[in-house]
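Right, one structure below, let's go through it.
The values are calculated or read from the model by the stated rules, or taken from the named source; none is laboratory data. Here the structure is a predicted model, which is why all the values come from computation and not from measurement. Neighbour counts are summed over all protein chains in view; Cβ atoms, including those assigned to glycine, are modelled from backbone coordinates with ideal geometry. With ligands, DNA and RNA removed, areas are computed over all heavy atoms of the protein, side chains included. Shrake-Rupley method; radii C 1.70, N 1.55, O 1.52, S 1.80 Å.
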Amino acid sequence: MQHDTPQPDFSERDFAFMQRALALAMHARDVEGEVPVGAVLVLNDNVVGEGWNRNITLNDPSAHAEIGALRDGGQKLGNHRFPGSILYVTLEPCAMCAMALVHARVARVVYGATDPKTGAAGSVFDTLTSELHNHRVEVQGGLLAEASARLLRDFFRARR
């Protein structure tokens, strides 16, 4: 599994982009009452797409943060593929989002908290790195993991 190998260090740019993803997660929670997950799509050190969970708001089970960032990027760039791009997301992608990232040819995914129930970047499934796909995504997990996990824990505790 993915987490058995040591993770390389994260850059200052990685931290900055993940901070933006955390801000989007807080927006999801505070403005829309959604599960706090945020995502930022970066190409050539520029943010080209942003997303946050909007499943409830849009009545759309596919409206995860990653999908929102990919849709935003596609509109801005006029393309459905993003070779060389990096997606920063506060929670490990699920299988749906992982396959969208593979199809979009995202080069790298950096995530915060692991998802022990549905994670598809090594926790439960290895979708992003599967040799069965014609494109594999580099994955690094654990960046600002505690802050990401705390947002989710606090959100769900408040709902109980």
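Miscellaneous remarks
- Residue among Leu132, Leu143 that alone is part of a loop (DSSP other than H, G, I, E, B), open to solvent by 40 Å² or more (accessible area, probe 1.4 Å) and among the hydrophobic types (A, V, I, L, M, F, W, C): Leu132
Residues are listed down the side, and each one gets a yes or a no for (1) under 12 Å from the mean Cα position of the chain (by Cα); (2) modelled with pLDDT of 95 or more:
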{"residue": "Thr90", "(1), (2)": "yes, yes"}
{"residue": "Ala100", "(1), (2)": "yes, yes"}
{"residue": "Val110", "(1), (2)": "yes, yes"}
{"residue": "Thr114", "(1), (2)": "yes, yes"}
{"residue": "Val124", "(1), (2)": "no, yes"}
{"residue": "Glu131", "(1), (2)": "no, no"}
{"residue": "Leu143", "(1), (2)": "yes, yes"}
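- Condition met for Val42 (at pLDDT 95 or above, farther than 23 Å from Pro116 by Cα and under 14 Å from the mean Cα position of the chain (by Cα)): yes
Residues are listed down the side, and each one gets a yes or a no for (1) touching a Lys or Arg at 6+ places or on another chain (Cβ under 7 Å); (2) under 18 Å from Gly112 (Cβ atoms); (3) part of a loop (DSSP other than H, G, I, E, B):
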| residue | (1), (2), (3) |
| --- | --- |
| Met26 | no, yes, no |
| Thr57 | no, no, no |
| Ala63 | yes, no, yes |
| Gly68 | yes, yes, no |
| Asp72 | no, no, no |
| Gln75 | no, no, no |
| Asn79 | no, no, yes |
| Phe82 | yes, no, yes |
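- For Ser148, the conditions (1) open to solvent by 40 Å² or more (accessible area, probe 1.4 Å); (2) of a type outside the set (Phe, Trp, Tyr); (3) modelled with pLDDT of 95 or more are fulfilled apart from (1).
- You will find that of Ile56, Ile67, the residue that is open to solvent by 60 Å² or more (accessible area, probe 1.4 Å) and at pLDDT 95 or above is Ile56 and no other.
- Boolean, Gly68 is free of Cβ contacts under 8 Å to residues at least 40 places away in the same chain and out of contact with any strand residue (DSSP E or B) (no Cβ under 8 Å at 6 or more places or on another chain): no
- As for the stretch 73-93, it holds at least one residue that is surrounded by fewer than 24 Cβ atoms within 10 Å (Cβ to Cβ) and in contact (Cβ under 8 Å) with a residue 60 or more places away in the chain.
- Residue-level check: of (1) assigned to a loop (DSSP other than H, G, I, E, B); (2) open to solvent by 40 Å² or more (accessible area, probe 1.4 Å); (3) not acidic (Asp, Glu), Met99 misses just (1).
- Among the residues of the stretch 28-55, those that are over 19 Å from Ala100 (Cα atoms) and not in a loop (DSSP other than H, G, I, E, B) comprise Ala28, Arg29, Asp30, Val31, Glu32, Asn46.
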